[in-house]
Amino acid sequence: QVQLVESGGGLVQPGGSLRLSCAASGSISSIGAMGWYRQAPGKQRELVAKITSGGSTNYEDSVTGRFTISRDNAKNTVYLYLQMNSLKPEDTAVYYCNAFAVLRAQVYSVWGKGTLVTVSS
């Protein structure tokens, strides 16, 4: 099993920055690609950025150049980060960490509980 716990959300003014973190525990050797998703009130959950186990990244168009995803494959855990700069009110959402894990030949999509980011003056 894999567990994901996000942190780092909060209230920030437009133009400000936040860094989200996600700590993975459990069967971390099974983790492949990871990503950040967000869900704004009344909207569907959408992909913000993703990163493969090899470090290749992909971003949603509206965050390209402002957000940076990274991961640290440490010995006993995996950390996923999202550096968010030049934040806009439309970035307000609950941000979720996601990981794909392969366990006993089955692929699982694992989600954290989310962390709220509010961009407002």
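Could you give me the radius of gyration and the Dmax of region 31-88, taking only the C-alpha atoms into account and expressing both in angstrom?
Taking only Cα atoms of region 31-88, I get Rg and Dmax of 12.2, 39 Å.
Per residue of region 73-81, what does 6.51 cos²θ - 1.76 cosθ + 1.60 with θ = phi - 60° give for ³J(HN,Hα)? Whole Hz please, x for Gly and Pro, Karplus curve as stated.
Per-residue couplings from phi come out as 8, 6, 5, 10, 7, 10, 10, 10, 10 Hz.
Calculate, in nm to one decimal, what residue 121 and residue 68 gain on full extension: separation in residues at 0.36 nm each, minus their alpha carbon distance.
My answer for the length gained is 16.8 nm.
Straight-line reach from residue 75: which lysines have Cα under 30 Å away, leaving out those fewer than 8 places along the same chain?
Cα-Cα hits under 30 Å: 50, 113.
Could you go through region 53-68 in sequence order and give the Karplus-derived ³J(HN,Hα) for each residue, using 6.51 cos²θ - 1.76 cosθ + 1.60 with θ = phi - 60°, rounded to whole Hz, and x for Gly and Pro?
Here the 3J(HN,Hα) series is 5, x, x, 6, 10, 8, 10, 5, 4, 5, 10, 4, x, 10, 10, 9 Hz.
Would you mind computing the Rg to Rh ratio of the chain from its alpha-carbon coordinates, Kirkwood style for Rh?
Result: Rg/Rh = 0.97.
In sequence order, what are the phi-derived ³J(HN,Hα) couplings for region 16-22 according to the Karplus relation 6.51 cos²θ - 1.76 cosθ + 1.60 with θ = phi - 60°, rounded to whole Hz, with x for glycine and proline?
Values per residue, Gly and Pro as x: x, 10, 9, 10, 8, 10, 9 Hz.
What does the charge dipole of the chain about its Cα centre add up to, to the nearest 20 debye, if the Cβ of each Lys and Arg holds +1 and the Cβ of each Asp and Glu holds -1?
Charge dipole of the chain: 220 debye, to the nearest 20.
For the chain, what does the accessible surface come to per residue with a 1.4 Å probe? Please give it in Å².
Normalised by residue count, the accessible surface of the chain is 54 Å².
The values are calculated or read from the model by the stated rules, or taken from the named source; none is laboratory data. These numbers were taken from a predicted model, which means no experiment stands behind them. Note that we place each Cβ from the backbone using ideal geometry, even for glycine, and neighbour counts take in every protein chain shown. Surface areas here come from the heavy atoms of the whole protein model, side chains and all, with no ligands, DNA or RNA. Shrake-Rupley method; radii C 1.70, N 1.55, O 1.52, S 1.80 Å.
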